[in-house]
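Single-structure report; data block below.
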Amino acid sequence: MHPVIGIRREDKNEWERRAPLAPRHVRDLVHHGIEVHIQPSRIRIFTDEDYIEAGAKVQEDLSSCNVVFGIKEFPEQFFNEGQANLFFSHTIKGQKHNMPMLRKLMSKGGTLLDYEKITNDKNQRLIFFGNYAGLAGMLETLYTYGRRLDWEGLKTPFLGLKRPLSYGSLDEARAALEVVATWIETEGLPESLGPMVVGFAGYGNVSKGAQEILDILPVEEIEPDELAAFMNNGEYSRNVIYKVVFYERDMVVTKDESQKFDLQDYFKHPEKYEGVFSQYLEHLSILVNCIYWTPAYPMLVTKDWVKNNWTMKSRLKVIGDITCDIEGSIQCTVEASDPGLPSYVYLADQDDIVYGWEGEGPVIMAVDTLPAMLPRDSSTFFGNQLMPFVAAIAKADYNEEFAMLRLPFEIKKCIIVHKGQLTPDYKYLEQHL
C-alpha cells in the first residue's frame with residue numbers, strides 16, 4: 001500500500017493556527033516515500049507555500065488519504081467512509097458534546113486514534129501540548145496580573161509584558177521576561193504587594209511549563225507547610241517572587257484521622273479524602289491551576305469560598321486556570337475563554353462574570369486552547385514527538401481486523417474506534433453513545 005497521509009485544516013476558531021506536523025516534518029516524510037496532502041489554510045502559522053516547498057500537495061479533498069491528522073475535533077461532515085483519523089477527540093470521558101461526532105465517525109465505518117491515549121508502558125503520555133499550555137498560560141497570567149494591579153492603581157514591571165500571541169516566538173517572550181527580571185532584581189516590587197506568592201496546583205507537564213516561565217524571574221521556593229509561617233513572620237524580599245508547588249498530599253486529608261495520606265489510595269478512593277486547599281488561598285497572589293481533575297476529587301476554589309472570603313483587599317488577584325474544567329477544580333471558572341477575550345472577573349454575589357480584569361472579584365484566566373497562542377513553537381514541538389510514529393501509522397492497513405493490526409503498542413492502545421466499532425478498551429463508551 002502506497003502510504004498517503006492528510007493534514008486537516010484547523011478551523012474550530014480564528015485563533016487555532018497550529019498544525020500537527022510542521023513543514024520540516026513533511027519534508028522528512030516525503031523524503032522517505034510518504035505522500036502528504038494538506039488542506040489549504042489562511043490562518044495556519046505555516047503557509048501553504050511552506051508545505052509546497054516541503055513536498056506536500058495542497059488540496060481540499062483528503063478522501064484518498066489512508067489516515068488524516070489533525071488537532072482539534074473534526075466536524076461531523078468531514079468523515080470519509082472507512083478512513084482513519086488521528087486527533088484530540090475529547091471523547092474518552094464520554095463528553096456529551098462530542099458523542100454526535102463519535103456516532104457519525106462510527107456510522108462511516110471509520111477508525112479513530114486519539115493522541116491523548118498514546119502512552120508508554122507506564123501509562124505516561126507521549127504526544128502532548130501540555131507544557132505549551134503551561135508556558136502560554138503563565139505568560140497570559142502574568143500579563144493579566146499586571147493589568148489587574150494597574151486597574152487597582154499599582155504600577156508593576158509586569159505592565160511591560162505582552163500577551164503570548166503577540167510575541168513572534170517563545171524566545172522573544174523569554175527576552176521580555178528577562179527585562180522584567182532585571183527590574184525586580186534592581187528596583188524591587190511595590191512594598192504594598194507584600195510578598196508576591198505564586199502557587200502551582202500540580203506538578204506535571206503543564207505545571208513544569210508554567211514554572212519554566214516564572215523561573216526566568218528571580219524566584220525562591222517555599223514548601224506548602226511553611227507558607228503560613230512565612231507569611232506571618234513578615235520577613236521577605238521585594239526583589240524576589242515566592243513560588244509554592246502543591247502536591248496531592250498538600251491539597252487533601254483523609255476523612256478518617258487515624259489513616260495517613262496515600263497517593264495510590266487517593267487515586268483509587270478519592271471519596272475517602274476531603275479538600276483542604278482553601279487554607280492556602282489567603283496567602284497567594286496568583287494561583288496557577290495545572291491539575292488533572294474529575295468530579296470525584298475535591299475542588300480547589302469553590303464559589304462559596306469566593307463569596308464568603310474574597311474582598312478587594314484580598315491578596316489573591318488572578319487565577320490562571322490552565323486546567324479549565326468548567327465549574328470544576330476552580331468552581332468559579334464558569335466558562336472557557338478564548339485568546340480574543342482571555343480573562344474575566346467572577347462576581348460572586350451575582351454568580352456571574354464580566355470580561356476583562358476590572359471588577360470586584362478574582363480574575364479568571366480560562367483559555368482552553370493555550371498552546372495555540374504559541375503556534376509555531378508548539379506545532380514544532382508536537383510534531384517532533386509525533387514523528388517517530390508517523391510512518392507506522394501511515395503504512396498500517398486499517399481494513400485488517402483489530403487484533404491483526406500491525407502498529408506499535410503505543411499507537412494500538414490509542415485506537416478508540418476501529419472500522420466503526422468501539423475497541424475492547426473503550427467499550428464503556430457505549431453507555432454514553
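The values are calculated or read from the model by the stated rules, or taken from the named source; none is laboratory data. Given the structure is predicted, the values throughout are model-derived calculations rather than measurements. Quick reminder, even Gly has a Cβ in these numbers, built from the backbone with ideal geometry, and neighbours come from all protein chains shown.
One residue alone among Trp293, Trp357 is assigned to a loop (DSSP other than H, G, I, E, B), closer than 28 Å to Glu16 by Cβ, hydrophobic (A, V, I, L, M, F, W, C) and touching a helix residue (DSSP H, G or I) at 6+ places or on another chain (Cβ under 8 Å), and that residue is Trp357. Quick check: is even one residue across region 200-214 over 30 Å from Arg125 (Cα atoms) and of a type in the set (Val, Ile, Thr)? So far as region 200-214 goes, no, none of its residues is over 30 Å from Arg125 (Cα atoms) and of a type in the set (Val, Ile, Thr). Remark: Arg8 matches the filter, which requires a residue to be among the basic types (Lys, Arg) and touching a residue at least 60 places away in the same chain (Cβ under 8 Å). Which of (1) closer than 19 Å to Gln83 by Cβ; (2) not in a helix (DSSP H, G or I) does Ile411 not meet, given it meets every other one? With (1) closer than 19 Å to Gln83 by Cβ; (2) not in a helix (DSSP H, G or I) applied to Ile411, the lone miss is (2). Quick check, is Leu347 of a type in the set (A, V, I, L, M), more than 30 Å from Gly82 (Cβ to Cβ) and at pLDDT 95 or above? When the stated conditions are applied, Leu347 passes them.
Residues that are part of a loop (DSSP other than H, G, I, E, B) and without any contact (Cβ under 8 Å) to a residue 60 or more places away in the chain were ranked within region 296-311; the one that is nearest to Glu191 (Cα to Cα) is Thr311.
Summed over region 391-401, residues that are among the charged types (D, E, K, R), touching a residue at least 12 places away in the same chain (Cβ under 8 Å) and not in a helix (DSSP H, G or I) total 1. Looking at region 68-123, which of the residues that are out of contact with any helix residue (DSSP H, G or I) (no Cβ under 7 Å at 6 or more places or on another chain) and among the basic types (Lys, Arg) is surrounded by the most Cβ atoms within 10 Å (Cβ to Cβ)? Checking each candidate, the answer is Lys117.
Quick one: in region 181-217, which of the residues that are aliphatic (A, V, I, L, M), under 19 Å from the mean Cα position of the chain (by Cα) and farther than 17 Å from Leu159 by Cα is modelled with the lowest pLDDT? Residue satisfying both the conditions and the ranking: Val206. Across region 148-171, the number of residues qualifying as aromatic (Phe, Trp, Tyr) and either crowded, with 19+ Cβ neighbours inside 10 Å or on the phi > 0 side of the Ramachandran plot (or both) comes to 2. Candidates are the residues of region 18-37 that are under 14 Å from Phe381 (Cα atoms) and of a type in the set (D, E, K, R); the one that is farthest from the chain's Cα centre (by Cα) is Arg24.
Pairs linking a residue in region 378-390 that is touching a residue at least 40 places away in the same chain (Cβ under 8 Å) to a residue that is surrounded by fewer than 22 Cβ atoms within 10 Å (Cβ to Cβ) and basic (Lys, Arg), with Cβ atoms under 8 Å and 6 or more positions apart or on different chains, are Thr380/Arg24; Gly383/Arg24. Considering only residues in region 245-290 that are of a type in the set (Asp, Glu) and either in a loop (DSSP other than H, G, I, E, B) or not assigned by TED's automatic domain parsing to the domain that holds Asn308 (or both), the one that is modelled with the lowest pLDDT turns out to be Glu257.
Where helices (runs of 4 or more DSSP H) fall entirely within region 168-235, those with at least 2 residues that are under 17 Å from Leu287 (Cβ atoms) and free of Cβ contacts under 8 Å to residues at least 60 places away in the same chain are at 227-233. Looking only at region 337-370, filter to residues that are more than 17 Å from Thr323 (Cα to Cα) and of a type in the set (D, E, K, R); which one of those is farthest from the chain's Cα centre (by Cα)? Among residues in region 337-370 that are more than 17 Å from Thr323 (Cα to Cα) and of a type in the set (D, E, K, R), the one farthest from the chain's Cα centre (by Cα) is Asp349. Is it the case that Leu126 is aliphatic (A, V, I, L, M) and buried (at least 21 other Cβ atoms within 10 Å of the Cβ)? For Leu126, the condition - aliphatic (A, V, I, L, M) and buried (at least 21 other Cβ atoms within 10 Å of the Cβ) - is not met.
Could you grab me the full set of residues in region 186-205 that are surrounded by fewer than 23 Cβ atoms within 10 Å (Cβ to Cβ) and within 14 Å of Gly137 (Cβ to Cβ)? Result: Gly204, Asn205. Has region 316-324 got any residue that is part of a strand (DSSP E or B), among the charged types (D, E, K, R) and either in contact (Cβ under 8 Å) with a residue 40 or more places away in the chain or in contact with a strand residue (DSSP E or B) (Cβ under 8 Å, 6 or more places away or on another chain) (or both)? Looking for residues that are part of a strand (DSSP E or B), among the charged types (D, E, K, R) and either in contact (Cβ under 8 Å) with a residue 40 or more places away in the chain or in contact with a strand residue (DSSP E or B) (Cβ under 8 Å, 6 or more places away or on another chain) (or both), one finds at least one in region 316-324, hence yes.
Checked against (1) part of a loop (DSSP other than H, G, I, E, B); (2) modelled with pLDDT of 95 or more, Leu29 meets all criteria but (1).
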